[in-house]
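Participant: Here you go, one structure.
The values are calculated or read from the model by the stated rules, or taken from the named source; none is laboratory data. Note that the coordinates shown come from a computational prediction; the quantities given were computed from them, not determined experimentally. Glycine gets a Cβ as well: all are built from the backbone with ideal geometry, and neighbour counts include every protein chain shown.
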Amino acid sequence: MSMEQAIITWIHLVSAAIWVGGSLFIGAVLAPLLKKMSMSLEERIQMMVQVGRRFNKIAVPSLIILIVTGLYNSQQVITNPDSLLSTSYGSFLLVKIILVIALIIAFIIHVRIIRKDVEQKIISKEMTEKQIQKLRKKIIILGEIIVVISLAILFFAALLDVGV
């Protein structure tokens, strides 16, 4: 392995750690912790949105870097489309690519649900308790989907790394 490849793999792994680690932290640590706090539902949602926006400042660049370095790492297989379907490596890579596309779609939907105008409605108390509960449920479900897809992508990355 060349030094260039080692550096690209390291960048890919650091970006994955930021994306998956941050997502897991928000879902498995922060959300349950906020649930136990004596804040109102509006305040908890507002805090989650603020944390999410702050996290996205490093998460989105990490995701972009993951995609670019992932494409670079798989360029030999991608440039030979026959190998995507004729080898187990290619098949796993194809599944990983599909999962990445699904992840991007889920993330875009997640971000669109908690737009600035929605956040403003929460702050100015223009949303009913029922609307906030519905919003919270959507955010949680999409967050869980993003984490599960991210973990599945890591599993397929591990399979690719061992050359299965």
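Participant: Looking at Leu24, Leu41, Leu33, can you tell me which residue is in contact with a Leu (Cβ under 9 Å, 6 or more places away or on another chain) and under 29 Å from Gln133 (Cα atoms)?
Facilitator: Exactly one of Leu24, Leu41, Leu33 is in contact with a Leu (Cβ under 9 Å, 6 or more places away or on another chain) and under 29 Å from Gln133 (Cα atoms), namely Leu24.
Participant: In addition: Out of all the residues in segment 63-80, which are surrounded by 13 or more Cβ atoms within 10 Å (Cβ to Cβ), closer than 11 Å to Leu93 by Cα and out of contact with any Lys or Arg (no Cβ under 9 Å at 6 or more places or on another chain)?
Facilitator: Answer for segment 63-80, where residues must be surrounded by 13 or more Cβ atoms within 10 Å (Cβ to Cβ), closer than 11 Å to Leu93 by Cα and out of contact with any Lys or Arg (no Cβ under 9 Å at 6 or more places or on another chain): Asn73, Val77, Ile78.
Participant: Could you check how many residues of segment 114-132 are under 23 Å from Asn56 (Cα atoms) and either in contact with a Pro (Cβ under 6 Å, 6 or more places away or on another chain) or in a helix (DSSP H, G or I) (or both)?
Facilitator: 9
Participant: Can I ask one more? For segment 73-81, state whether one or more residues are out of contact with any helix residue (DSSP H, G or I) (no Cβ under 9 Å at 6 or more places or on another chain), assigned to a helix (DSSP H, G or I) and under 23 Å from Ala6 (Cα atoms).
Facilitator: Scanning segment 73-81 turns up at least one residue that is out of contact with any helix residue (DSSP H, G or I) (no Cβ under 9 Å at 6 or more places or on another chain), assigned to a helix (DSSP H, G or I) and under 23 Å from Ala6 (Cα atoms).
Participant: Filter segment 82-122 down to residues that are over 30 Å from Ile132 (Cα atoms), at pLDDT 85 or above, in contact with a helix residue (DSSP H, G or I) (Cβ under 8 Å, 6 or more places away or on another chain) and among the hydrophobic types (A, V, I, L, M, F, W, C), then give me how many there are.
Facilitator: Looking only at that region, the number is 4.
Participant: Further question: Between a residue in segment 50-79 that is in contact (Cβ under 8 Å) with a residue 40 or more places away in the chain and any residue that is among the aromatic types (Phe, Trp, Tyr), which pairs come within a Cβ distance under 6 Å, given they are 6 or more apart or on different chains?
Facilitator: These pairs meet every condition: Ala59/Trp19; Ser62/Trp19; Leu63/Trp19.
Participant: Could you say which residue among Val60, Val100 is under 30 Å from Leu33 (Cβ atoms), out of contact with any Asp or Glu (no Cβ under 7 Å at 6 or more places or on another chain) and surrounded by 18 or more Cβ atoms within 10 Å (Cβ to Cβ)?
Facilitator: It is Val100.
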